[in-house]
Each structure stands twice: as structure tokens, then as C-alpha cells.
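Quick notes on the structure that follows.
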Number of protein chains: 2
Amino acid sequence: MATSSRQSYHHGDLRAELVRVAGEVLDQGGQATLTLREAARRAGVSHSAPYRHFADREALLAEVSAQGFAQLGAALRQAAPAGGVEVARAYLRFALGHPRRYRLMYADENSLARRAGLVDLAQVVLRVFAESIPGLGGAEQARRAGTAAWALLHGLAELLLDGFLGPLAADGADAERLVREVVGMVRFAARPAAAA
Amino acid sequence: MATSSRQSYHHGDLRAELVRVAGEVLDQGGQATLTLREAARRAGVSHSAPYRHFADREALLAEVSAQGFAQLGAALRQAAPAGGVEVARAYLRFALGHPRRYRLMYADENSLARRAGLVDLAQVVLRVFAESIPGLGGAEQARRAGTAAWALLHGLAELLLDGFLGPLAADGADAERLVREVVGMVRFAARPAAAA
DNA sequence: GGTGATATGTTGTCATCAGCTACATATGCC
DNA sequence: GGCATATGTAGCTGATGACAACATATCACC
């Protein structure tokens, strides 16, 4: 909030401030409302100042995405010691708790340059999942099962956020129950077979 | 192609033509490039003509989404007699074959009005999945397992399209193999338990 | 303490877009 | 033939992304 009471010509740390307010705008209005000019307004600087720190709008979105993946990864790692079920709950808690940020992270508007960093960050997610599924053979099996778990939870999160699983399920206890039921139907088996 | 050689003042079926060219634009350049003006240009009419048929840009996107779900539903129903594995393959073939359209269908920019119709159309997908998983108890179990299958495939499709599962996997035989391996690790069991 | 290079922020500008309003033209019904 | 309605057109407004020229602060160096 030092934004409007800024005394000096220079902001101090405009880059960080832009990322911060970008997160605010995103959470409030969605990706479409996150414009560089709006971020500049909220930061209390001119409409063109953000270009000193971000090449274009995509670059700012990329930074917000990256921070999102970092937060998600941290949340999962924190939940990991408590077991796979807790990791799954932490994943969905993040997705349902920060819906717009979560959508942005997986949005395909990702330019190639933007993706490079994101893919690396996302590997943390995969690794935590792979390590959370016990009783599998080798590392390759674990990686496959981790991928399946990641896909299942990501798909569930998106379907919930889209309202495809019922209007009430997008937030709250309904979602919690639904997720428990659905995830409870799934097993991971090392021996490949013709399941669907 | 009757667009430029149009003789009469009135277009004839501008609405259908707009939806058609919108699909073209979408497949070529992604959702961001799909503007009403661009659709109008391609249809050979003035930039404001589309407003006679669509309230705004969202309405056009909604129509394209709806057609996408209809196509997907039809593809799944066609594959259903061949069993669950074929349904899964058909699902992923659609997603990887029409990536931008697929992303649009699940994009959360969906306004509430837009969603209503989409949710109904998407129920077809869920139903086909639920019916494709044999050996489960009641209808409720089937619905849960169908939801899990839908989420798994949707998540896989998105992760593939995003390039999170490897740069080569987004299209072609690599994806096919990866999907077979990952899906092969998953079982559906009627008795709920602590899986993750 | 002075001086200049560099980073950072500002003002001004342009092209493009969504959406709106007033107007023109075609079509069908009487 | 004449009129009501559906449909297409031209022009406008406000907002945005992106860029260029300019202004100011900060810091290194002497």
C-alpha cells in the first residue's frame, strides 16, 4: 500500500509489486482482466512502466504462473510425509483455493519461452506424486503411476472448477466428499493390463 | 468459399458461416486470435455484421464449444461398442487432434449462461465413460468410476497438450505409447479404500 | 563534491479490438 | 406497388498492447 504514497521517483521494487498486484487482479477478475495497464494503475505507476520489467503481457503472466507452481510444489512437499492421500488433498485444496491462478498455470497460452521454466517447476509435482505411491516396482513404474495420479487430480480439479461435476461441487464440503469417493475408486497396479 | 463470390446483399446463412470460420481461426491461431472482426473478415462481411447473430464474442466462442462437445460425444458413442479402451483412445484422439478446440471447450472463461448448455452436453461424455467400465456394483459406483475415468483422461490430455509430459509426447506415436502405459497402471475398484 | 553512465519511470502516440448507434438495403407479406 | 422486418454497413467510443522519445534517480568513479 506504499503504492500511492510513493515519494521518490523510483518505485523501489516495482517488479515484485507488479507480480503481487497481478496476483490480486487475477484472483479477483480472471486472466482476461489482468492487463499491464491495470497492474500499472494498481502499482501507482504510469501505464508504460511495467515494460521496464516485463517484455510483454505474457512475461508477466509467466511470472505469476511460475510463482503458482512454486507454491503448489511447496504445498505438496509439505504434505508428502503424511502420505499419498494427504498429497492428493493438498493438491486439490490448492486448485480449488486459487482457481484462477491454477487455471493460468495450466493455460495453454503458454508461449514456448514461458513453458521452459514452467515444465521444470512442474516436475516437482510429478516427483512428489511418484514418491507418494508405495508398493510399485521400479522407478519407471513409479513415474507412470505418478503421472496417472497427477492427471487424475488435475482432471478432477478442472472438472470441478468448470462446474462439470455439479454446481455445488466447485467449492466446499461437497467437493471434498466427491473427491474422496472418486479417488477412492482408483487403484494403481504395477502389472499393465487392459484397463480404461 | 462462397464468401467472396457472394452476390446478394444478404449472406444467406451468416450464422453458420461464422461458426465455421471461427473453428478455422481457432484451429490455426488459438483462442486469443479468434475475434469477431477476424471472423467477419473471413466471412466477407463487415466487422459489425456478426452482432446480428451473436450477442458478443463469448457467444460465438460458446457456440464453437458446444459444437466441440457434440462432436466429442458422437466420437465416444461411436467407439463405445468396442469397449472402454477404445473409448479412452477416441477421447484422447479428439483432444490431441483438435487441441485448441479442446482447450476452448474446457476453458473457464465460460460465462454462466454459456456453461448451462455445455454442462448438459458434457454429461454425454460422463455417461459413455460410466457405461464403459464393467464389473462395478450399482449405478452410483459406475458414475464415480466414470468420473474418475473422465478426469484421468482429461488430465492426461491437458498435460500432454501443455508439454508437461515431455516435448515429443504432444502428438504422434509417443503420446499413444505414453497413454497406454499410464492408463494401464490404473484400476477401478468398487470398494472404496485409501488410495491416492 | 562533481560528473557521467545506466537503470528506471513518464508522456505521447499508434494500431487493433469489442461493442454500440444510426443508417442503408434486401426480402417477404399484404 | 408499398410497407414492415430482417439483415448488412459505416462510423464512433473507450480500452489495450506496444513502442519511442524524454525525464529523473542512482551509482561508480574520479
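Structure data summary
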quantity	calculated
Which listed residue, of A:Ala169, A:Ala157, is within 23 Å of A:Arg103 (Cα to Cα), crowded, with 17+ Cβ neighbours inside 10 Å and modelled with pLDDT under 90	A:Ala169
Condition met for B:Tyr9 (near DNA strand C (Cβ under 9 Å from one of its atoms) and modelled with pLDDT under 90)	yes
Positions within segment B:42-68 being within 7 Å of DNA strand D (Cβ to nearest atom) and of a type in the set (S, T, N, Q), in sequence order	B:Ser46, B:Ser48
From the options A:Ala196, A:Ala175, A:Ala148, residue that is buried (at least 17 other Cβ atoms within 10 Å of the Cβ) and at pLDDT 90 or above	A:Ala148
Neighbours by Cβ (under 8 Å, 6+ apart or cross-chain): first from segment A:124-151, facing another protein chain (nearest Cβ under 9 Å); second of a type in the set (Ser, Thr, Tyr)	A:Val125/A:Tyr91; A:Leu126/A:Thr147; A:Phe129/A:Thr147; A:Ala149/A:Ser132
Condition broken by A:Pro134, with the remaining ones in (1) surrounded by fewer than 17 Cβ atoms within 10 Å (Cβ to Cβ); (2) part of a helix (DSSP H, G or I) satisfied	(2)
Odd one out for B:Leu118, checked against (1) at pLDDT below 90; (2) over 29 Å from B:Leu61 (Cα atoms)	(2)
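Every residue, every condition in (1) surrounded by fewer than 20 Cβ atoms within 10 Å (Cβ to Cβ); (2) within 13 Å of DNA strand C (Cβ to nearest atom); (3) modelled with pLDDT under 90, yes or no:
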site: A:Ala16; (1), (2), (3): yes, yes, no
site: A:Leu26; (1), (2), (3): no, no, no
site: A:Glu38; (1), (2), (3): yes, no, no
site: A:Gly44; (1), (2), (3): yes, yes, no
site: A:Ser48; (1), (2), (3): yes, yes, no
site: A:Glu63; (1), (2), (3): no, no, no
site: A:Leu72; (1), (2), (3): no, no, no
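Conditions (1) more than 11 Å from the chain's Cα centre (by Cα); (2) farther than 19 Å from B:Leu159 by Cα; (3) not small (Gly, Ala, Ser), marked per residue:
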position	(1), (2), (3)
A:Arg20	yes, yes, yes
A:Leu26	yes, yes, yes
A:Leu36	yes, yes, yes
A:Val45	yes, yes, yes
A:Ser65	no, no, no
A:Gly84	yes, yes, no
A:Asp120	yes, no, yes
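The values are calculated or read from the model by the stated rules, or taken from the named source; none is laboratory data. Computed from a prediction, not measured in an experiment: that's the story for all the values here. Cβ coordinates were reconstructed from backbone atoms using ideal geometry, including for glycine residues, and neighbour counts include every protein chain displayed.
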